[in-house]
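What follows is a set of notes on a single structure, which appears directly below.
The values are calculated or read from the model by the stated rules, or taken from the named source; none is laboratory data. Quantities reported herein were computed from a predicted structural model and do not represent experimental measurements. All Cβ positions, glycine included, derive from the backbone under ideal geometry; neighbour counts span all protein chains shown. Surface areas here come from the heavy atoms of the whole protein model, side chains and all, with no ligands, DNA or RNA. Shrake-Rupley method; radii C 1.70, N 1.55, O 1.52, S 1.80 Å.
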Amino acid sequence: MNTNDLNLFEAVAHYGSFTKAAEAMFTVQSNVTTRIKNLEEEFGALLFTRNNRKVELTPEGEKLIRYTKQINHILDEAKRSIGKSDIVKGQIKIGFLETMMTLKGPELVNELASKFPFVDLDFRSAMRASLISDVLNYKLDAAFIPAPLDIPELEQIKIKDEQVVIVAPADCENLDVLLKKNPLKTIVFDQGCVFRAKLDSWLVSKGIAEYHKTVMNSIEGVVNFIESGIGFSVLPEEIISTFYGNRNLKTFPLPKELGLMTTILVYRKDVPLSPALKAFISISGGTKSNNVDK
């Protein structure tokens, strides 16, 4: 076993695929398969479960991925110490909700490039549940998600509070008129979206359980459909005021318990923070807390 074997193992765990891991590591699939088999023989344990659709870590594989990250962290620290270099470098994988990536992503990229130019960022946009799962399963180093969260394995850093509002076409007089429309039409993201959940909760509080849903997969698409009069939705107020202030839209506040959203940055507690991730956290503008809106 050598460190390259562990890097291949970590790549398979991240991509959930021997083929994608081989592509990412600039080698062939047969080499990855052989290396993983050798590791399994050396440790005397099955590290991955394999089926036609994906490859997943076994409990023993999850133990090894923790040690792998610790080993890589120690090696990075050794190189920095022995080489006496203060340069922070490395790659980190960060998850975002699409709305937060739109708002905060460019700012973070620019600041990181200015302060830590040798750190490479790999961004992924997904729903909250998927981001949490990927952090827990070592596929992401950290992720920005909406609070609250109560998972002991994850550290939390509070990033910001923001207002979430109802966004309707510009000719909408008020919410009473809006809710009397038949059929009532909404523009939403896929299931699992925090904004869709807030919209559902608000409508239920108004005694409305059935309504028409048009599903879109982008903020731009949602805004375009609202502006055209097809329906209404729920989005962060800052998104609308920053990027769509000149569009034919009207916003209405939600009740306090639904209208406030706290964003947190989460990462695993049992994995040492790499210099690159420490650098990213230092510019995220957050404050550490283990009890954010629980």
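State whether the residues of the range 219-226 include one that is assigned to a helix (DSSP H, G or I), open to solvent by 70 Å² or more (accessible area, probe 1.4 Å) and of a type in the set (Gly, Ala, Ser).
no
What residue, among those in the range 14-37 that are over 16 Å from ARG53 (Cβ atoms) and among the hydrophobic types (A, V, I, L, M, F, W, C), is most open to solvent (accessible area, probe 1.4 Å)? Give the steps one after another, and end with the answer.
Pass one, the range 14-37, residues over 16 Å from ARG53 (Cβ atoms): 14, 22-37.
Remaining after also requiring among the hydrophobic types (A, V, I, L, M, F, W, C): 22, 24-26, 28, 32, 36.
Numbers: ALA22: 4, ALA24: 38, MET25: 66, PHE26: 188, VAL28: 86, VAL32: 0, ILE36: 0 Å².
It comes out as PHE26.
Residue check, LEU103 against (1) within 26 Å of ALA11 (Cβ to Cβ); (2) surrounded by 15 or more Cβ atoms within 10 Å (Cβ to Cβ); (3) among the hydrophobic types (A, V, I, L, M, F, W, C), all met but one. Which one?
All conditions are met except number (1).
Would the range 188-209 turn up any residue that is under 30 Å from VAL135 (Cα atoms), hydroxyl-bearing (Ser, Thr, Tyr), touching a residue at least 40 places away in the same chain (Cβ under 8 Å) and outside any helix (DSSP H, G or I)?
no
Conditions (1) in contact (Cβ under 8 Å) with a residue 60 or more places away in the chain; (2) of a type in the set (A, V, I, L, M, F, W, C); (3) open to solvent by less than 50 Å² (accessible area, probe 1.4 Å), marked per residue:
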| position | (1), (2), (3) |
| --- | --- |
| ARG124 | no, no, no |
| ALA142 | yes, yes, yes |
| LYS158 | yes, no, no |
| PRO169 | yes, no, yes |
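Residues that are in contact with a helix residue (DSSP H, G or I) (Cβ under 9 Å, 6 or more places away or on another chain), assigned to a helix (DSSP H, G or I) and touching a residue at least 12 places away in the same chain (Cβ under 8 Å): does the range 81-97 have at least one? Spell out the reasoning first.
Start the filter on the range 81-97 by keeping residues that are in contact with a helix residue (DSSP H, G or I) (Cβ under 9 Å, 6 or more places away or on another chain), which leaves 85-97.
Add one more test, that the residue is assigned to a helix (DSSP H, G or I), and what stays is none.
The answer is no, given that none of the residues of the range 81-97 is in contact with a helix residue (DSSP H, G or I) (Cβ under 9 Å, 6 or more places away or on another chain), assigned to a helix (DSSP H, G or I) and touching a residue at least 12 places away in the same chain (Cβ under 8 Å).
Just one of (1) of a type outside the set (Asp, Glu); (2) touching a Gly at 6+ places or on another chain (Cβ under 7 Å); (3) open to solvent by 40 Å² or more (accessible area, probe 1.4 Å); (4) more than 12 Å from VAL167 (Cα to Cα) trips up THR214, so point out which.
Tallying (1) of a type outside the set (Asp, Glu); (2) touching a Gly at 6+ places or on another chain (Cβ under 7 Å); (3) open to solvent by 40 Å² or more (accessible area, probe 1.4 Å); (4) more than 12 Å from VAL167 (Cα to Cα), THR214 fails exactly one: (3).
When the residues of the range 233-255 are narrowed to those that are over 25 Å from the mean Cα position of the chain (by Cα) and within 29 Å of PRO148 (Cβ to Cβ), which ends up modelled with the lowest pLDDT?
PRO255
For the range 175-185, indicate whether the set of residues that are part of a loop (DSSP other than H, G, I, E, B) and among the basic types (Lys, Arg) is non-empty.
So in the range 175-185, the residues part of a loop (DSSP other than H, G, I, E, B) come out as 180-184.
Of the ones still in play, those that are also among the basic types (Lys, Arg) are 180-181.
Checked against the condition, which is being part of a loop (DSSP other than H, G, I, E, B) and among the basic types (Lys, Arg), the range 175-185 yields at least one hit.
Could you check, for the range 227-244, whether at least one of its residues is part of a helix (DSSP H, G or I), surrounded by 14 or more Cβ atoms within 10 Å (Cβ to Cβ) and in contact with a Pro (Cβ under 6 Å, 6 or more places away or on another chain)? Explain how you work it out, then say what you get.
To start, the set of residues in the range 227-244 that are part of a helix (DSSP H, G or I) comprises 227, 237-243.
Narrowing the set further to residues that are surrounded by 14 or more Cβ atoms within 10 Å (Cβ to Cβ) leaves 227, 237-240, 243.
Filter once more, so that each one left must be in contact with a Pro (Cβ under 6 Å, 6 or more places away or on another chain): none.
The answer is no, given that none of the residues of the range 227-244 is part of a helix (DSSP H, G or I), surrounded by 14 or more Cβ atoms within 10 Å (Cβ to Cβ) and in contact with a Pro (Cβ under 6 Å, 6 or more places away or on another chain).
With the requirement that a residue be under 24 Å from the mean Cα position of the chain (by Cα) and outside any helix (DSSP H, G or I), what does the range 49-77 give you?
ARG53, LYS54, VAL55, GLU56, LEU57, THR58
Any residue at all in the range 268-286 that's farther than 30 Å from ILE65 by Cβ and touching a strand residue (DSSP E or B) at 6+ places or on another chain (Cβ under 8 Å)?
no
Out of the range 171-200, which residues are within 29 Å of the chain's Cα centre (by Cα) and surrounded by fewer than 15 Cβ atoms within 10 Å (Cβ to Cβ)?
ASP190, GLN191, GLY192
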